[in-house]
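J.: Structure incoming, see below.
The values are calculated or read from the model by the stated rules, or taken from the named source; none is laboratory data. Owing to the predicted nature of the structure, the values given are computational and were not obtained by experimental measurement. Cβ placement follows ideal geometry from the backbone for every residue including glycine, while neighbour counts extend to all protein chains displayed. Heads up: the accessible areas ignore ligands, DNA and RNA and are worked out on the full protein's heavy atoms, side chains in. Shrake-Rupley method; radii C 1.70, N 1.55, O 1.52, S 1.80 Å.
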Amino acid sequence: MRKRLRRVRRRLRTAAVDWFRGGAADWPVLCALALLVPLLILLNVWWPAWAPPTALVLPILAAALLLRPGSLVVLYALAALGLSAESVIHTGQRVASDHPEAYTYGVTPGAALVVGAAGVGGLLLAQFRSRVGVPWWGGSTMLFDLRERLRVQSRVPRLPDGWHADMALRPAGGQSFSGDFVVADRTGPGRRVLEVVLADVSGKGMDAGSRALLLSGAFGGLLGSLPAHDFLPAANGYLLRQSWEEGFATAVHLVLDLDTGEYELLSAGHLPGMQRLAGAGRWEVKEALEGPALGIYDGAKFEGVRGRLNRGDVLLLCTDGMVEAPGRDLSEGMDRLMGEADRLVPGAGPGGGAASRLIETVARDINDDRAVLLFWRD
C-alpha cells in the first residue's frame, strides 16, 4: 500500500510540474470546458434572464488561456453548436407562446457577434503563444520571472562593517522593465574587493529591458573572472557579437578596495562618478578619460580614474536619466543632483533610502530609465 501511495504521489507531482510547464496534455481541461457549454445552454433555456447567450464567452475566454489552438477549435465548434441550439429553442418557445411579440429572450445578432469576437481574439492569442513557445498561461509568469531575475542580479552583495551601499532603479513611464541595470560582486583575495558595473542600455521599456536582462547575465559572468581592466573590452566585444540594430550601451565599472578605500572608475561613454569629500564638505566630479560606448567599434580602450573613499565620504554613480532634461545642460543637472545629495545623503544612514529619495526629488517625472548607486564609509 505504501508503494502504491508513493507511485500515486509521484505521478501527481509529475503531472502538476508538466501542467505548469505546458508539457502535459490539455484534454482534461477541454473535457471540463466542453461539459460547461451544455450546462450554460440548459441554464439559458431554464433561466434566460440569469444566463444570457453571451455567457458562452466564459468558457471561450478560459479556453483561450488554457488550451492549445487545435483543442481551442474543437471547443469553439461546440460553442457555435450551443449558440445555434439556443437560437432554435428560443425561436420555438417564442412561436409556441401565447404572446410571441412579448417574448424577449433569444440569440440576438449582437450576442452572436460578441461571442464570435471573443472566439477570434482567443484564437489569435493562442496561436501567438504557440508560435513563441510560451506554455498557455505561462506568459505572465515568464515576464514576472524575468523581472525578478533582473532585480535579484542587481543586488549589491553584503559589505563588511563600516561600509554601506544604497541603490534604486526606476523604469521609464512606471513600467516593469528598465534598460538600466547593476551587476556587483566581491572579488579578489579574501573577497575584499567590490566590483560594481552600472550600465544603461539604449532604448527603454520592454525592448531595452530584455536586452538588459541578457547583458546583465553576461556581465555577471565576466565580473570577477577577468582582471578589472579587461572587463569593459570583453563586454564591448560581447555587444559587438550580438549584431543588434540598437546595440550600444554605456557603463561605468567601479573597483573598490574594501580595506583601504581606494577605488578606480572605468567609463564606457557613461556619466562620471561624483564623490563627496567629508573633510572639505564639497562634491568632486571623478571624470575619467571617457571611452566609447560599448558596442560601437572593436578595439576600444578604456582608461580609469583613481580615488579614495575616506571615512564620511560618499561616492555617487547614476545614469543619464538622473541629470538629463530638455533645455538643461548636463553639468546643470549634475550640479542639481549633487546639491540634493548633499542634503539627503549625509543624514540618511544605512537603510535610509537616500537613493530612492534622490530619484523622487531630482527625476521623479522624467520619462527615462533612472538608476542611482551610493557608497559610503562610517
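J.: Assigned to a loop (DSSP other than H, G, I, E, B) and modelled with pLDDT under 90, is that true of residue 321?
T.: no
J.: Could you grab the pairs with beta carbons closer than 8 Å, sequence gap of 6+ or different chains, first residue in the stretch 172-192 and touching a residue at least 40 places away in the same chain (Cβ under 8 Å) and closer than 17 Å to residue 372 by Cβ, second one of a type in the set (Lys, Arg) and part of a helix (DSSP H, G or I)?
T.: Short answer, once both residue conditions are applied: 179/211.
J.: Identify all residues within the stretch 148-171 that are modelled with pLDDT of 80 or more, open to solvent by less than 40 Å² (accessible area, probe 1.4 Å) and either in contact with a Pro (Cβ under 6 Å, 6 or more places away or on another chain) or small (Gly, Ala, Ser) (or both); write none if there are none.
T.: Those that are modelled with pLDDT of 80 or more, open to solvent by less than 40 Å² (accessible area, probe 1.4 Å) and either in contact with a Pro (Cβ under 6 Å, 6 or more places away or on another chain) or small (Gly, Ala, Ser) (or both): 162, 164, 168.
J.: Same structure again: Does the stretch 3-19 contain any residue that is under 17 Å from residue 89 (Cα atoms) and either exposed (fewer than 11 other Cβ atoms within 10 Å of the Cβ) or at pLDDT 80 or above (or both)?
T.: no
J.: Please enumerate the residues belonging to the stretch 27-63 that are in a helix (DSSP H, G or I) and over 15 Å from residue 75 (Cα atoms).
T.: If the condition is that a residue be in a helix (DSSP H, G or I) and over 15 Å from residue 75 (Cα atoms), then 42, 43, 44, 45, 46, 53, 54 are the ones that fit.
J.: Among the residues of the stretch 209-241, what is the count of those that are within 23 Å of residue 368 (Cα to Cα), surrounded by fewer than 18 Cβ atoms within 10 Å (Cβ to Cβ) and of a type outside the set (A, V, I, L, M)?
T.: 2
J.: Right, next: Kindly establish whether residue 96 is surrounded by fewer than 16 Cβ atoms within 10 Å (Cβ to Cβ), out of contact with any helix residue (DSSP H, G or I) (no Cβ under 8 Å at 6 or more places or on another chain), of a type outside the set (S, T, N, Q) and farther than 18 Å from residue 38 by Cβ.
T.: Here the answer is yes, as residue 96 does meet what is asked.
J.: Residue 353: surrounded by fewer than 16 Cβ atoms within 10 Å (Cβ to Cβ), at pLDDT below 85 and under 20 Å from residue 196 (Cβ atoms), yes or no?
T.: The answer is yes for residue 353.
J.: Additional query: In the stretch 54-75, what residues are open to solvent by less than 60 Å² (accessible area, probe 1.4 Å), touching a residue at least 40 places away in the same chain (Cβ under 8 Å) and over 15 Å from residue 111 (Cα atoms)?
T.: Selection gives 63, 64, 66, 67, 69, 71, 72, 75.
J.: Right, here's the next one. For the stretch 109-147, how many residues are surrounded by fewer than 15 Cβ atoms within 10 Å (Cβ to Cβ) and at pLDDT 75 or above?
T.: Total satisfying the criteria: 8.
J.: Kindly indicate the residue of the stretch 20-53 that is at pLDDT below 65 and open to solvent by less than 30 Å² (accessible area, probe 1.4 Å) and also farthest from the chain's Cα centre (by Cα) among those meeting that condition.
T.: 24
Yes/no matrix, rows are residues, columns are (1) crowded, with 20+ Cβ neighbours inside 10 Å; (2) under 30 Å from the mean Cα position of the chain (by Cα); (3) modelled with pLDDT of 90 or more; (4) over 29 Å from residue 236 (Cβ atoms):
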residue: 272; (1), (2), (3), (4): no, yes, yes, no
residue: 276; (1), (2), (3), (4): yes, no, yes, yes
residue: 281; (1), (2), (3), (4): no, no, no, yes
residue: 284; (1), (2), (3), (4): no, no, yes, no
residue: 294; (1), (2), (3), (4): yes, yes, yes, no
residue: 306; (1), (2), (3), (4): no, no, yes, no
residue: 330; (1), (2), (3), (4): no, yes, no, no
